[in-house]
């Protein structure tokens, strides 16, 4: 549990409690109502966490953070100061970046870049469409078990849940492949799949679910996923021509695209028996076009995520906010600064996308060495200024 370095008197704290409990996919008004309903439970948990276990009944990933909140809230209502961060998280920040760059109105709506009365849940939307695809009963994998797997999922009521959707959608923007997604689904569904003795049967079911969810994602986030494919094709051209171009990010920071082959060695030891290590000795001469293709989309997202945070840091400092926690697209601050940080984040995101010229830079680099380089996908009609009033972009 990370605490802020400074303590402050705090204002409204009800928006903090719900997310720590796992109640964060609802409107701010619903979170206020939830807090009012459970304030007594929170204070009783702080007074005696052993006897009063309300803090353990929410999302199991956050139970200790929930207990920390209960103790912090008890201190605040007793007149003390708080150093507990109020955390806000983006809705699939990778797809936020890709949808905004493509000016995809539908995609922006699905990742909360448009103003709404309550947050939109992309993972739930993909799961809903995935269930519909499974219900159509068509084989989704090229296997003798393809038809059986679809029928078995329906017959056994194997859930196409939000949790499975997240296992596919969240890593997909960072280059995850279908088989990797199927493996994650196998692990998530372990209890449901124990009735099948053969691993091939289990994997056929998981593979089918992965394909259904990927198909659902492509349907719902088409412009963003098409943009990913374009980036991969450009990355391959750059790698094939052994280029290591320097790109300039919206705030002037520069990054280098480079994917050279790594040497592989095998080391024997008594604990791991045999382990493979990849390492680079100096700068190998051989470039890896396939690595360029697979890493360019996620690296572009990471670079722009980092740009947003650098611009945000400057804005926060200008407002005298220096105590924050950051983990990728999760930002924590004193509760009294919650709304201001949210506003400044949206401003930083808008500035990043408006000033971004990476598409033009990448196309020019690839076109210069390969005249067959495909044109970037056409942009849609999404108005970037909607970000400024999209309260749940960071929530």
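The values are calculated or read from the model by the stated rules, or taken from the named source; none is laboratory data. Because the structure is predicted, anything quoted here is derived from the model rather than measured. Cβ sites come from the backbone with ideal geometry, for glycine too, and all protein chains shown count toward neighbours.
Remarks
- Residues being within 23 Å of the chain's Cα centre (by Cα) and assigned to a helix (DSSP H, G or I) - total across the stretch 342-370: 16
- Boolean, residue 243 is farther than 30 Å from residue 381 by Cα and not in a helix (DSSP H, G or I): yes
- Test: residue in the stretch 264-287 that is surrounded by 19 or more Cβ atoms within 10 Å (Cβ to Cβ), closer than 29 Å to residue 182 by Cα and modelled with pLDDT under 95: no
- Residue in the stretch 209-216 that is within 27 Å of residue 373 (Cα to Cα) and either buried (at least 16 other Cβ atoms within 10 Å of the Cβ) or in contact (Cβ under 8 Å) with a residue 12 or more places away in the chain (or both) present: yes
One line per residue, one yes/no per condition, for (1) crowded, with 16+ Cβ neighbours inside 10 Å; (2) closer than 17 Å to residue 302 by Cα; (3) touching a strand residue (DSSP E or B) at 6+ places or on another chain (Cβ under 6 Å); (4) touching a residue at least 24 places away in the same chain (Cβ under 8 Å):
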site	(1), (2), (3), (4)
196	no, no, no, no
204	yes, no, no, yes
248	no, yes, yes, yes
255	yes, yes, yes, yes
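- Some residue of the stretch 322-343 being under 30 Å from residue 84 (Cβ atoms), crowded, with 21+ Cβ neighbours inside 10 Å, at pLDDT below 95 and in contact with a helix residue (DSSP H, G or I) (Cβ under 6 Å, 6 or more places away or on another chain): yes
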